[in-house]
């Protein structure tokens, strides 16, 4: 049983595909719920979270780190939602936020600009030029967001297991492909993969608890052993960090062991 | 009945998937083995055609550049002619870059994923990071070639009906997916799509005939009528137009030739 993320440019019929896939496989379908979860848990207005996951970071963001915090909250909420697999997620950046989980089928739906413009014109009752501008601006923001936070181009096919052109292949065909791929061995939730998902959920929870005060830390978790990496920034604030980690340790029952690795570079799988 | 074009970032994987699909479907194969016949037909050497698919000459070597473009034109004409037979799998000939607008010609891109880097490293006996660097350099060269030859970005996913990455989808599963996709009605040949392919094939034949003696020609065909666009200074216009009409008119299947002589640059020559 798999976790399926469906990414797409705005108005590319990705939502329709996601709904049909979820229906056919009898999977849960999630999208906005992730933002609501994050908003409730971390007491941040949903609109701010939506802006953080949609808009590219501004110039002041370098100094405020608020976007980084919000993304960490959203990531934590998303991983909690998918940890039991059998789920289709069609929100923003699923393929990046769930990076590191082995049984995630990452799908990209592409549609021609002309078709997307027609969809927006019909849906929002706006003229063609306005629809085109809206879509292109949306694409630009997506590109900037992904580049600035992950150093990648969202249109790069190598980020996805399947990239489907919905203009030539119909929605039904796309659903067929995705359902068939989801049954492949590579996307089945084995015991070790489920364990890894639970570890990632823990790491994300710890990261979300730390990110506001310590935006540069990275967290890994392996069978309940949580490691917090502070990077090469030295020991500044270590007393404050230690106090915070003790609070986290008290709150999280499932942490078997928690330690910090000061001055050590963040491993690639750290959240 | 369909045409399946397969492209990959790793030639060995392209070969493997294409052979698998051809085997499963019982389709004919259209790959570099046809270059010998193409060379014979167009009076050139197979090595020249093979090389044309691998590298582009410098823009400063005009004669080499002209020969290269002629070689590419020969390959296109041969490929498009053979595609009229239908029911085939095509790879290794860059067909996905010049067979456009034919609805029963399915374009698939297969990305090899990280395992391919590890395998290459093992085969070459080098560390993984060196293999990754080698592959990145190879991709860069390939990108330069496709831009020089067809002014197209090969890695652009919007060029393909489906892109499959092989990190967690194994090649056997990928073959099954492609075979399944080819059975959809959308990829069956119909009167109109066959006509589009016939027009492309005719245009390619005219283009190669013209490319023997001239450069900067673009050819479009429709139902036997051919439109040739070319760039020529005013003083040579009449002579060149006459030459084009004569050469193009001799190509089998051409019923009418129209020439548009312009002064501007073309985006592509085919």
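The values are calculated or read from the model by the stated rules, or taken from the named source; none is laboratory data. Note that the structure is predicted; figures quoted are calculated from it, not measured. Positions of Cβ are backbone-derived with ideal geometry, glycine not excepted, and every protein chain shown enters the neighbour counts.
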Within segment B:216-246, the residues that are touching a helix residue (DSSP H, G or I) at 6+ places or on another chain (Cβ under 6 Å) and surrounded by 15 or more Cβ atoms within 10 Å (Cβ to Cβ) are B:217, B:219, B:220, B:221, B:226, B:228, B:232
Scanning segment A:171-180 for residues that are surrounded by fewer than 21 Cβ atoms within 10 Å (Cβ to Cβ) and more than 7 Å from chain B (Cβ to nearest Cβ) gives A:171, A:172, A:176, A:179
Among strands (runs of 3 or more DSSP E) entirely inside segment B:23-112, those with 3 or more residues being within 14 Å of chain A (Cβ to nearest Cβ) and more than 14 Å from residue B:200 (Cβ to Cβ) are B:105-111
| said: Among the residues that make up segment A:109-121, is at least one of them touching a strand residue (DSSP E or B) at 6+ places or on another chain (Cβ under 7 Å), under 30 Å from residue B:166 (Cβ atoms) and within 14 Å of chain B (Cβ to nearest Cβ)? | reply: yes
If we keep only residues of segment A:206-227 that are part of a helix (DSSP H, G or I) and touching a strand residue (DSSP E or B) at 6+ places or on another chain (Cβ under 9 Å), then the residue surrounded by the fewest Cβ atoms within 10 Å (Cβ to Cβ) is A:210
The correct count of residues that are touching a strand residue (DSSP E or B) at 6+ places or on another chain (Cβ under 9 Å), surrounded by fewer than 19 Cβ atoms within 10 Å (Cβ to Cβ) and part of a helix (DSSP H, G or I) in segment A:134-170 is 1
Screening B:213, B:193 for residues that are modelled with pLDDT of 90 or more and either surrounded by fewer than 23 Cβ atoms within 10 Å (Cβ to Cβ) or in contact with a helix residue (DSSP H, G or I) (Cβ under 6 Å, 6 or more places away or on another chain) (or both) leaves only B:193
Counted residues in segment B:156-169 being within 18 Å of residue A:109 (Cβ to Cβ) and either assigned to a helix (DSSP H, G or I) or in contact (Cβ under 8 Å) with a residue 60 or more places away in the chain (or both) come to 4
Per the filter on segment B:156-187, residues under 19 Å from residue A:153 (Cα atoms) and either more than 9 Å from chain A (Cβ to nearest Cβ) or in contact with a strand residue (DSSP E or B) (Cβ under 8 Å, 6 or more places away or on another chain) (or both) are B:157, B:158, B:159, B:160, B:162, B:163, B:164, B:165
Residues of segment A:181-204 being crowded, with 16+ Cβ neighbours inside 10 Å and either within 12 Å of another protein chain (Cβ to nearest Cβ) or assigned to a loop (DSSP other than H, G, I, E, B) (or both), in sequence order, are A:181, A:182, A:184, A:186, A:187, A:189, A:193
Among the residues of segment B:221-234, is there at least one that is under 28 Å from residue B:28 (Cα atoms) and not in a loop (DSSP other than H, G, I, E, B)?
yes
The condition of being within 14 Å of another protein chain (Cβ to nearest Cβ), within 30 Å of residue B:168 (Cα to Cα) and in contact (Cβ under 8 Å) with a residue 60 or more places away in the chain holds, among A:91, A:100, only for A:100
If you go through B:40, B:65, B:93, the only one that is assigned by TED's automatic domain parsing to the domain that holds residue B:178, under 20 Å from the mean Cα position of the chain (by Cα) and crowded, with 19+ Cβ neighbours inside 10 Å is B:93
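Yes or no, residue by residue, for (1) surrounded by 15 or more Cβ atoms within 10 Å (Cβ to Cβ); (2) at pLDDT 85 or above:
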| position | (1), (2) |
| --- | --- |
| A:53 | yes, no |
| A:64 | no, no |
| A:70 | yes, yes |
| A:74 | yes, yes |
| A:77 | yes, yes |
| A:104 | yes, yes |
| A:108 | yes, yes |
| A:132 | yes, yes |
Against the condition under 18 Å from residue A:80 (Cβ atoms) and in a helix (DSSP H, G or I), how does residue A:246 come out, does it pass?
no
